[in-house]
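Report on the following structure.
The values are calculated or read from the model by the stated rules, or taken from the named source; none is laboratory data. Predicted model only: the values in this text are computed from it and were never measured. Here the Cβ positions follow ideal geometry from the backbone for every residue, glycine too, while neighbour counts run over all protein chains shown. Surface areas here come from the heavy atoms of the whole protein model, side chains and all, with no ligands, DNA or RNA. Shrake-Rupley method; radii C 1.70, N 1.55, O 1.52, S 1.80 Å.
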Amino acid sequence: MGGHADEGTRPYTSALDEQLAQAARDTGAHIGAVYLLTGSPQVLVMEAEIGLPAQLVKPWTTVRLDGGAPVAAAVRQGRLVWVPTAQELARRFPGTALAFPYAFASAAAPLHSDSRMWGSWILLWPEGRPAELSGREQEVIAATSERLAAVLEQAADSGCPLRPGGEPRVLTPVPPPMPDPYEAVAAAGYLDRLRDGSVALDLDGVVTFASPAAAGLLGTTVSELLGTPLWETATWLKDPAFQDRCRAAVVGQQVASCSARRPDGHELEFVLHPDPTGVSLRITPSGADLSAQRPARAFMPDNSGLPRADVFYNFLHMASAMTRALNVREVVDLIAEHVMPVFKAQAMAIMRAESGRMRIVGSHGYVPEVLERFDGQTLAAPSPAEQVVRTGEPAFYADRAELVRAFPDTAQDDGMAAWAFLPLTVSDDTFGVCLLAFDHARPFTAEQCATLTTLAGLMGQALDRALLYDTKDRLAHSLQTSLLPGSLPDMPGLEVAARYVPATRGVGIGGDFYDLIRLNETTAAAVIGDVQGHNMTAAALMGQVRTAIHAHAAVGASPGDVLQHTNRLLMDLDTDLFTSCLLIYFDLRLRTLRAANAGHPLPLLRPPNMPAEIIDIPAGLLLGIDADAEYATVEVPFPPGAVLALYTDGLVEAPGVDLDEAIGTLAAYLTSAPREQLQQVAGTLLDHAPHTDDIALLLLRHRENAG
């Protein structure tokens, strides 16, 4: 038994360990662990465990309280969390199922007393047990939960609270009864006479027994094998797939088999027989010399036809990519790229339950005519999709006859021959279905069903985030658009083009804005600005800035005075947000511009038949920094045929690019842009933008016929 207890806490850690070990014995569980709630933000830290191989302990020593694991859910929900199968784990806790891809049942329970929540604990059984906990098992779990919580409370009350150390204490499983000497000698003689090899491993893969035949087959000696991990002596077994199969046997407590090839090309067959204390290996030669046929590796295909390690690598890559998927289209593409090829699916449709009907939100491989038949199917009538949404359980149909037997009145006329309907679930709420379709009849093995259900759980979480993002994105940009002017005033002698372009991967509503304020028949004020931030506060402030500029410009204040008044308003609002703003008055009759600048990128002016150039306007402080800030007003010519370009920094800023150089490049694009329509000019400038941030662009041209 490992430990980190001091003398003060030792009675309590001993009591905790005894309760865990006794509960495992009384319920027949082969693995168990106790977690303590600690830290800020709160996490669950493993305090003690029994039956887990050391390689599996480390990733689970700390579990986030908001994480997708049964021990965390037990604390959050304050109740027993029972997960009877790997498929159920995949459906409800896909992240755990992917990281711990073995067959087992589990029960996690919270540890709480009247005073506080202390943590949780968990027991694991081999899969295949009854679907429900027996009354006796429930009684043991409930009583043990009370006793564990009482131990933790007593430790705290005594001034010796239990705090997780660097490593959890490892409890030794109860060993089998010792044989008498005669039985031991007889057993050793029996094993020595077998041509098959026999090796015993403890939970960590350390060899505790090896027969001479096994040592010969492994190319080593008994003395070299004993006391070391098997794959450190027989280094050609140092393959993640072989070690994974050993871990699967320990966790699932099911007999497993695999093959591996020695460096000399001879194939060996391994049969793994586990119990709670370790694994016994039976090793036999396959009689085949495959040295010239394929490279050495432990080859353990699953039923997708790929090596198990390759399948998990592909799925882990997909899980990582799923966390970065922002919208529904990205989620659909990831499923098409990482799931369909592995399982050789020919078509896929993602359906969402909405207002009593199934609505397709994404697909791959189906022709539009088929999707039209699927889209809008009612949830009032029995169908595979309706059943999955209602029950939260996946449905697999190996061929058309099997589907028709289950749903004789439902026509799945999509040209396919086998189907997997997978639940898309978040927090036990099934909101949709992922349909994978195959062009040939095929059986679905238990391992495939569990794997696909795990993936569906990941898809559900990613799709839920993506749908929320898409909804928020639409609302944000709808609000953004409503805050921008719906139309700009029409002035004789002035051509106007305005664009607002959200960032390619936005983070919410932006603060970019523009406006055109008509002052009289020949004069107007153009304004462009950018409020710091991407949130509702920035949007609200943007509206206030526009309103303030409108009000002060309408009474005839100069551009510098308008910015000064607006700056004082922002200081009074005390928003902690800053705003850049460029304000330009132009007089078409006098053919002049008057401008003031509050820290905004400088505008560009393209005179007729001349290159575009930067208008040098002294940059005052950003609005909202200093109540006493002043803003100088400058005047420049604005001849007929000239084009004025006002823009926000999203049009020019990019990581690693000098801003002055970027503005110079923009001036070159403006010079070479088409001279007919300003909308074409706007398109040319936007085509060369980095699109890493929102962009507002306002173009104005003094027409030749202006008076």
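A simple spin-label model places the labels of Ala554 and Glu337 5.2 nm from each other, with each point 7 Å out along Cα-to-Cβ.
Per the 1.4 Å probe, what fraction of the accessible area of the chain, in percent, lies on carbon and sulfur atoms? Ligands and nucleic acids excluded, carbon and sulfur reach 53 percent.
Roughly how tilted is helix 659-672, in degrees to the nearest 10 and between 0 and 90, from the longest Cα axis of the chain? Long axis of 659-672 versus the principal axis of the chain: about 60 degrees.
Largest first, how would Arg64, Arg91, Arg675 line up by accessible area (1.4 Å probe)?
Working: Arg64 150, Arg91 30, Arg675 105 Å².
The ordering from most to least exposed comes out as Arg64, Arg675, Arg91.
Out of these labelled values of Rg/Rh (Cα atoms, Kirkwood Rh), (i) 1.03; (ii) 1.12; (iii) 1.05, which was calculated from the coordinates shown here? Evaluating Rg/Rh (Cα atoms, Kirkwood Rh) on these atoms matches (ii).
With every protein chain in place and a 1.4 angstrom probe, the accessible-area ranking of Met416, Met459, largest first, reads Met416, Met459. Taking a Cβ cut-off of under 14 Å around Pro41, the surrounding Lys, Arg, Asp and Glu residues balance to a net charge of +1, with basic ones at +1 and acidic ones at -1. The residues neighbouring Thr633, those whose beta-carbon lies less than 14 Å from its own, together hold a net charge of -4 under the Lys/Arg +1, Asp/Glu -1 convention. Rounded to the nearest whole Hz, the Karplus-based 3J(HN,Hα) values (6.51 cos²θ - 1.76 cosθ + 1.60, θ = phi - 60°) of region 128-143 follow the sequence x, 6, x, 5, 10, 5, 6, x, 5, 5, 5, 5, 4, 5, 5, 5, with x at glycine and proline. Note that region 219-227 has calculated 3J(HN,Hα) couplings of x, 8, 10, 4, 4, 6, 6, 4, x Hz, one per residue in order, obtained from phi through the Karplus relation 6.51 cos²θ - 1.76 cosθ + 1.60 (θ = phi - 60°); glycine and proline are x.
State whether region 1-99 is rounded, prolate or oblate according to the following rule on the C-alpha gyration tensor (a ≥ b ≥ c being the square roots of its eigenvalues): a/c under 1.5 gives rounded; otherwise a/b larger than b/c gives prolate, and the remaining case gives oblate. The shape class here is prolate. All other residues whose Cβ lies under 9 angstrom from that of Pro485 are scored, Lys and Arg at +1 and Asp and Glu at -1, for a net of 0. With 0.36 nm allotted per residue and the present C-alpha distance subtracted, the Ser223-Ala380 stretch has 49.6 nm of extension available. Measuring only protein heavy atoms, the 1.4 Å probe finds Tyr669 accessible over about 70 Å². At full extension, Val426 and Glu369 could sit 17.5 nm farther apart than now, given 0.36 nm per residue minus the alpha carbon distance.
When the chain is fully extended, how far beyond the present Cα-Cα distance does Asp687 get from Thr537, taking 0.36 nm per residue of separation? Could you put the intermediate results ahead of the total?
Numbers: separation 150, 0.36 × 150 = 54.00 nm, distance 3.01 nm.
Full extension of this stretch gives 51.0 nm more.
Arg116 contributes an accessible area of around 110 Å² to the protein surface, as traced by a 1.4 Å probe with all chains present.
Can you give the calculated 222 nm mean residue ellipticity of the chain, where each DSSP H run of n ≥ 4 adds -39,500 (n - 2.57) and the sum is split over every residue, rounded to the nearest 500 deg cm²/dmol? List each step's numbers first, then the result.
Details: 22 runs with 257 residues, N = 707.
It comes out at -11000 deg cm²/dmol, rounded to the nearest 500.
Using a ≥ b ≥ c from the Cα gyration tensor of region 354-406 (square roots of the eigenvalues), is it rounded, prolate or oblate, where a/c under 1.5 gives rounded and otherwise the larger of a/b and b/c decides, a/b for prolate? Could you put the intermediate results ahead of the total?
Working: a/c = 1.79, a/b = 1.15, b/c = 1.56.
Oblate shape, in that a/c is at least 1.5 and b/c is the bigger or equal ratio.
Among 179-189, 622-632, the peptide with the highest mean count of other Cβ atoms within 10 Å heads the list, and the full ranking is 622-632, 179-189.
Among bridges DSSP assigns within the chain, what percent are antiparallel (round to 5)? Present the calculation step by step, with values, prior to reporting the outcome.
Numbers: 128 of 133 bridges.
The antiparallel fraction comes to roughly 95 percent.
Taking a ≥ b ≥ c as the square roots of the eigenvalues of the Cα gyration tensor of region 30-178, is the shape rounded (a/c under 1.5), prolate (a/b larger than b/c) or oblate?
Numbers: a/c = 1.37, a/b = 1.29, b/c = 1.06.
It is rounded, given that a/c, with a ≥ b ≥ c, falls under 1.5.
A 1.4 Å probe over all protein chains sorts Tyr397, Tyr190 by accessible area into Tyr190, Tyr397, starting with the largest.
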